[in-house]
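> Questions regarding the structure given below will be posed in turn.
The values are calculated or read from the model by the stated rules, or taken from the named source; none is laboratory data. Please read these numbers as outputs of a predicted model, since none were measured by experiment. Here the Cβ positions follow ideal geometry from the backbone for every residue, glycine too, while neighbour counts run over all protein chains shown.
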Amino acid sequence: MSLCLKNLAIRKNSGETLFSAFDLTVENGEIVTLMGPSGCGKSTLLDLIAGHLSNEFEYSGEVLLNGASLCALPPHQRQVGILFQDDHLFPHLNVWQNLAFALPNQVKGSERKTQAMAVLDKLGLSQLATAYPEQLSGGQRARISLTRMLLAQPKVALLDEPYSKLDKDLRIQFRNWVIEQLKQAHIPALLVTHDESDIPEGSRCINWPWDAQHA
């Protein structure tokens, strides 16, 4: 598997170009970090890949996953997982229900709860199964959010400054856990941040400006 961006450019309808001529390939099992200041287009790029690009932007170039273009597919068919700064857990569902919601449609009936509970047991979080998001700590919410994303079996993972709202000690712990989980999933992952400490050790980092870079 690989995520490939070819000659990608994003511009506002007003004519302002965020970046252009950007090429990037992220291989299976690899985490690549994009560094850049606020407003440079980091989150907008992730929106484009996931199929949620706002109408105020237009783009040119190609987004390929395993050699197939994503550009014409609606978001729900792209199999792209996103981890945001906010966890976006459903407040009206408890933890196991939040996880079960993400499972593929072919998992039916009571098997959805069985699989969700098995994952919680593996994570050592079984005691949280019936808790609601508002009852969780920030670290617990973050771990449940990443787990929910991975349970949907995405073919690529996008991380939009997912550690920014955690305190320093929790940030380090969660960051290491995220890297471990993504490596186990063995899918291409793209992380955007403006904090150098978020870059996984020994991994590639593409620094702003991205224009005309080929990575």
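> Inside segment 112-140, can you point out the residues that are part of a helix (DSSP H, G or I) and either touching a Lys or Arg at 6+ places or on another chain (Cβ under 8 Å) or acidic (Asp, Glu) (or both)? Before the answer, list the steps.
The initial filter retains those residues of segment 112-140 that are part of a helix (DSSP H, G or I), namely 112-123, 126-128, 133-135, 138-140.
Selection gives Asp121, Leu123, Pro133, Glu134, Gly138.
Condition check ((1) in the same structural domain as Asp195 (by TED's automatic domain parsing); (2) surrounded by fewer than 19 Cβ atoms within 10 Å (Cβ to Cβ); (3) under 28 Å from Asp167 (Cα atoms)) across all residues:
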position: Arg11; (1), (2), (3): yes, yes, no
position: Ser54; (1), (2), (3): yes, yes, no
position: Ala68; (1), (2), (3): yes, yes, no
position: Ala100; (1), (2), (3): no, no, no
position: Pro104; (1), (2), (3): no, yes, no
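> If only one of Phe174, Phe101 is under 21 Å from Gly81 (Cα atoms), assigned to a helix (DSSP H, G or I) and under 17 Å from the mean Cα position of the chain (by Cα), which one is it? Give the derivation first.
Working: Phe101 fails: under 17 Å from the mean Cα position of the chain (by Cα).
Only one candidate qualifies: Phe174.
> Find the residue count for segment 31-46, including only residues that are in contact with a Leu (Cβ under 9 Å, 6 or more places away or on another chain) and surrounded by 19 or more Cβ atoms within 10 Å (Cβ to Cβ).
Of segment 31-46, the ones in contact with a Leu (Cβ under 9 Å, 6 or more places away or on another chain) are 31-34, 39-42, 44-46.
Those still in the list that are surrounded by 19 or more Cβ atoms within 10 Å (Cβ to Cβ) too: 31-34, 41-42, 44-46.
Counting residues in segment 31-46 that are in contact with a Leu (Cβ under 9 Å, 6 or more places away or on another chain) and surrounded by 19 or more Cβ atoms within 10 Å (Cβ to Cβ) gives 9.
A quick yes/no check of all residues on (1) at pLDDT below 95; (2) farther than 22 Å from Ile187 by Cβ; (3) touching a helix residue (DSSP H, G or I) at 6+ places or on another chain (Cβ under 8 Å):
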residue: Asn7; (1), (2), (3): yes, yes, no
residue: Gly15; (1), (2), (3): yes, yes, no
residue: Gln77; (1), (2), (3): yes, no, no
residue: Asn98; (1), (2), (3): no, no, yes
residue: Gln106; (1), (2), (3): yes, no, no
residue: Gly109; (1), (2), (3): yes, yes, no
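> Answer yes if at least one residue in segment 177-193 is among the charged types (D, E, K, R), surrounded by 15 or more Cβ atoms within 10 Å (Cβ to Cβ) and not in a strand (DSSP E or B), and no otherwise.
In the first step, residues of segment 177-193 are kept if they are among the charged types (D, E, K, R); the result is 180, 183.
Pick out the ones that are also surrounded by 15 or more Cβ atoms within 10 Å (Cβ to Cβ) and you get none.
No, segment 177-193 contains no residue that is among the charged types (D, E, K, R), surrounded by 15 or more Cβ atoms within 10 Å (Cβ to Cβ) and not in a strand (DSSP E or B).
> For segment 194-215, which residues satisfy the criterion of being part of a strand (DSSP E or B) and under 21 Å from Ile82 (Cβ atoms)? Working first, answer last.
At the first step, the residues of segment 194-215 found to be part of a strand (DSSP E or B) are 205-206, 214.
Scanning segment 194-215 gives Cys205, Ile206.
> Of His92, His76, which residue is assigned to a helix (DSSP H, G or I) and either loosely packed, with under 12 Cβ neighbours inside 10 Å or touching a Cys at 6+ places or on another chain (Cβ under 6 Å) (or both)?
His76
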